[in-house]
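The values are calculated or read from the model by the stated rules, or taken from the named source; none is laboratory data. This is a predicted model, so every value here is computed, not measured. All Cβ positions, glycine included, derive from the backbone under ideal geometry; neighbour counts span all protein chains shown.
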């Protein structure tokens, strides 16, 4: 079971909402290539509020993701897309229902 997770809150710059949404949609391909990231969601909470939730079976997987391609790409475009730096929370998964 993926017991460790990340919750990342993202706030788009005014006028960059569509670009951030597309960035997150495009990031799915990179997430699919991460063997230690079995759970990955890109989220939209409102007009400019977005997020990422992902879960991992080990701390090594979580750290690999934090140092991986999605994080590098997001930080590389942070000045362009984000109103504030990403708010990253390390969280524990207490229970989950996932497809087999």
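Quick notes on this structure:
- Test for residue 84: is it part of a loop (DSSP other than H, G, I, E, B) and farther than 20 Å from residue 95 by Cβ: yes
- Within the stretch 59-91, the set of residues being out of contact with any strand residue (DSSP E or B) (no Cβ under 7 Å at 6 or more places or on another chain), farther than 26 Å from residue 19 by Cα and either exposed (fewer than 11 other Cβ atoms within 10 Å of the Cβ) or in contact (Cβ under 8 Å) with a residue 24 or more places away in the chain (or both) comprises 60, 61.
- Flag if residue 35 is closer than 24 Å to residue 99 by Cβ, out of contact with any strand residue (DSSP E or B) (no Cβ under 8 Å at 6 or more places or on another chain) and not in a helix (DSSP H, G or I): yes
- Matching residues, the stretch 39-57, being farther than 11 Å from residue 6 by Cβ and in contact with a strand residue (DSSP E or B) (Cβ under 7 Å, 6 or more places away or on another chain): 42, 43, 44, 45, 48, 49, 50
- Hits in the stretch 25-51 (condition: crowded, with 17+ Cβ neighbours inside 10 Å, under 21 Å from residue 93 (Cα atoms) and touching a helix residue (DSSP H, G or I) at 6+ places or on another chain (Cβ under 7 Å)): 31, 34, 37, 40, 42, 50
- Identity of the residue in the stretch 1-19, within 17 Å of residue 54 (Cβ to Cβ) and either out of contact with any strand residue (DSSP E or B) (no Cβ under 6 Å at 6 or more places or on another chain) or in a helix (DSSP H, G or I) (or both), that ends up modelled with the lowest pLDDT: 1
- Options 94, 98; residue that is modelled with pLDDT of 95 or more, loosely packed, with under 11 Cβ neighbours inside 10 Å and either over 23 Å from residue 22 (Cα atoms) or out of contact with any strand residue (DSSP E or B) (no Cβ under 6 Å at 6 or more places or on another chain) (or both): 94
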